[in-house]
2 protein chains.
Amino acid sequence: MSVPDRDELAAWLRLVETPGIGRDSARKLLAAFGPPQAVFEHPPDAWREVVPPAQAAALARPREDLAALVESTWQWLAADAHRHVLTLGDPAYPRLLLETTDPPLLLYAAGRLELLQAPSIAVVGSRHATAQGLENARAFAAHLSRGGLTVVSGLAAGIDGAAHEGALEGAGSTIAVVGTGLDRVYPKRHAPLAARIAAEGLLLSEYPLGMPPLAGNFPRRNRIISGLALGTLVVEAALQSGSLITARLALEQGREVFAIPGSIHAPQSRGCHALIKQGAKLVESAQDILEELHLPAASASPPPDAAPESPAAEAGDPVLAALGHDPATLDALVARTGWPAAQLNARLLELELEGRVARLPGQLFQRVDRG
Amino acid sequence: MSVPDRDELAAWLRLVETPGIGRDSARKLLAAFGPPQAVFEHPPDAWREVVPPAQAAALARPREDLAALVESTWQWLAADAHRHVLTLGDPAYPRLLLETTDPPLLLYAAGRLELLQAPSIAVVGSRHATAQGLENARAFAAHLSRGGLTVVSGLAAGIDGAAHEGALEGAGSTIAVVGTGLDRVYPKRHAPLAARIAAEGLLLSEYPLGMPPLAGNFPRRNRIISGLALGTLVVEAALQSGSLITARLALEQGREVFAIPGSIHAPQSRGCHALIKQGAKLVESAQDILEELHLPAASASPPPDAAPESPAAEAGDPVLAALGHDPATLDALVARTGWPAAQLNARLLELELEGRVARLPGQLFQRVDRG
């Protein structure tokens, strides 16, 4: 279901990758003349009826590396049957994305193309997440994926990566919308995750092969994440973070926004709280989201928010009981437990090694509850 | 501003404390015949036009201990000038409570009666709070009180107690609405706190002297907590807790409901999250509440019966003028007014008794603005 022939690909790349031609102008040309090959059958004079003279002049001079880009893209497509370049008119082009105001003209995809038509949910959040935030992202994504929703995220460090990993556990699988060409992986340490997503899920990008991880790409990429999905879940986010941009885009696209609350003392929850104040739906469990989207409950396995540790187990550990669910300083814990600091420190280290407590910046400790 | 004479008190107690006479029936009788003394000047036949025969019969046979209750109540009032029994028609009866559908017929008060006319906020929550919850309750209440709001709560263990303690730090002070007679304290370990509230704030009850802490009293008492206040803040609450009853009552009374979010893994946050899902406002700081209530704009319109003295008289008071709007030490006020310390102290005491100045910890004085 890719672009059918090399000439068509060359015409699309010439239209989309000519410097100075924005998506708006490209759409105007397509609307006026038909597919890119038809656009280029017209003389520059005709283009000037539709776009400014400078853009028409740019279109008349294809970039020097266009032939090389066409060749490398064609080779990339040929190397794997699961690689595709989708155009706006392709039946495989995701329907929900098409309904947005600024759909990408070309989409590069690697993996299970049918996921683009599955009901999906975006799960995004901070790159600098807390241990509990990562666990929540993984657990919510796993539950949503088991509930049949494809989880869309951005392959970033932190919440994104945890969401992809959780989603790979369920039938819904996952789509990673990246801000680079599909022949690159950013961040590099997510190369194994990207390979797994290409095999079991789907990698997606609007950027041509070779595109490096330029900072400006990522906010623009976010409209694709929200645009693919019925709704966007923000797991943890600071104020003024990329995740809030994605949430804002989701609202503009008329999609649902969900946010997980947290301690009012946790900076990583500020963004979620801001969203809830602005009307996002507070969710405590993946089930909340499935219900809100009127989807049937996931049948398998317990919900990720089910209290994992029995009150008895918790009662059995005075340090966990004293920690509660908010970040606490060592001093606060000394006061709450009455333990000597040295003994408390030793126990905290044990709990940390067991993954039941996380050490946060600023000498804060936080409990980690597992789904 | 109490019930003016003993006969009137006796008639009120006979009406309100006759077993089988509910508040609805009592209100019907008052509407039909006028004040209780007038009610009892009519024969039982007349009462039967208004209430069922069994109730009319009950009214004709006052309870055997009525005289003793009148006597003990009269003695209780006489023992301290800061004790009051307010009836529905009393100018000191709290205006916002009067606007609710089921205002108490009698209110027993001990302390600074003027707090009943101050703009106030209810701060409630779990008896089984987390350490962070207690600290949040204390900090929010202190901030709100310093912002000029009187903090209303229920004197219970946990969040309530912490809210009262925090509120006593600010000029707004605190009102404890209890579920017992004012000659009792429940829980017993809050006896010192209750004494401090009677001295610096206000204790309030609709129950007669001697009323023990019956379980049924407390949910009923909650309508007074929410009814006195512009809004109700729930700090921490489990699902199906008394705090959620108070929040529901606040909504029914057309008041704001605020809730503090927390970890989705904390049972003590479930109630707050449920409220936010139902439309309560998520708050991260006391400032959020002050802004939501449009304060100080809200305190700019003086409630009826607020200050006995005109704004002009207040503006003309050199001590109030010297105080400004920040806490000040006695030394600073001596310097600003040029008054001898003894004279200044005497005037500050007068202003304090009038509720126009609050004495803060650390020998600080602060103006209480209601205009």
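Details
- Count - residues of the range A:267-295 that are within 9 Å of another protein chain (Cβ to nearest Cβ) and in contact (Cβ under 8 Å) with a residue 12 or more places away in the chain: 12
- Residue check for B:Tyr186: away from chain A (no Cβ under 14 Å), of a type in the set (Phe, Trp, Tyr) and open to solvent by less than 10 Å² (accessible area, probe 1.4 Å): no
- Hits in the range A:353-371 - residues which are more than 16 Å from B:Ser263 (Cβ to Cβ), open to solvent by 60 Å² or more (accessible area, probe 1.4 Å) and not hydrophobic (A, V, I, L, M, F, W, C): A:Glu354, A:Arg359, A:Pro361, A:Gly362, A:Gln363
- Taken together, the residues in the range B:99-128 that are in a loop (DSSP other than H, G, I, E, B) and closer than 15 Å to B:Ser226 by Cα amount to 9.
- Every residue from the range A:328-349 that is within 9 Å of chain B (Cβ to nearest Cβ) and open to solvent by 20 Å² or more (accessible area, probe 1.4 Å): A:Ala332, A:Ala335, A:Arg336
- Summed over the range B:207-251, the residues that are open to solvent by 50 Å² or more (accessible area, probe 1.4 Å) and touching a residue at least 60 places away in the same chain (Cβ under 8 Å) give a count of 1.
- Search result, residues across the range A:142-165 that are more than 14 Å from A:Ser243 (Cβ to Cβ), without any contact (Cβ under 8 Å) to a residue 40 or more places away in the chain and either within 14 Å of chain B (Cβ to nearest Cβ) or of a type outside the set (Val, Ile, Thr) (or both): A:Ser145, A:His164, A:Glu165
- Residues within the range A:320-354 that are free of Cβ contacts under 8 Å to residues at least 40 places away in the same chain and not in a helix (DSSP H, G or I), tallied: 6
- Out of B:Leu209, B:Leu233, sole residue that is more than 14 Å from every other protein chain (Cβ to nearest Cβ) and under 20 Å from the mean Cα position of the chain (by Cα): B:Leu209
- Selected residue (criterion: most open to solvent (accessible area, probe 1.4 Å)) from residues of the range B:134-165 that are in contact with a Leu (Cβ under 8 Å, 6 or more places away or on another chain) and over 27 Å from B:Val357 (Cβ atoms): B:Gly158
- Unique residue being closer than 30 Å to A:His273 by Cα, modelled with pLDDT of 80 or more and in contact with a Phe, Trp or Tyr (Cβ under 7 Å, 6 or more places away or on another chain) when the list is B:Ile289, B:Ile245: B:Ile289
- Sole exception among (1) more than 14 Å from chain B (Cβ to nearest Cβ); (2) surrounded by 14 or more Cβ atoms within 10 Å (Cβ to Cβ); (3) modelled with pLDDT under 95 for A:Ala131, by number: (1)
The values are calculated or read from the model by the stated rules, or taken from the named source; none is laboratory data. Quantities reported herein were computed from a predicted structural model and do not represent experimental measurements. Using ideal geometry, Cβ is built from the backbone for each residue, glycine included, and neighbour counts are taken over all protein chains shown. Ligands, DNA and RNA are excluded from the accessible area calculation, which covers all protein heavy atoms including side chains. Shrake-Rupley method; radii C 1.70, N 1.55, O 1.52, S 1.80 Å.
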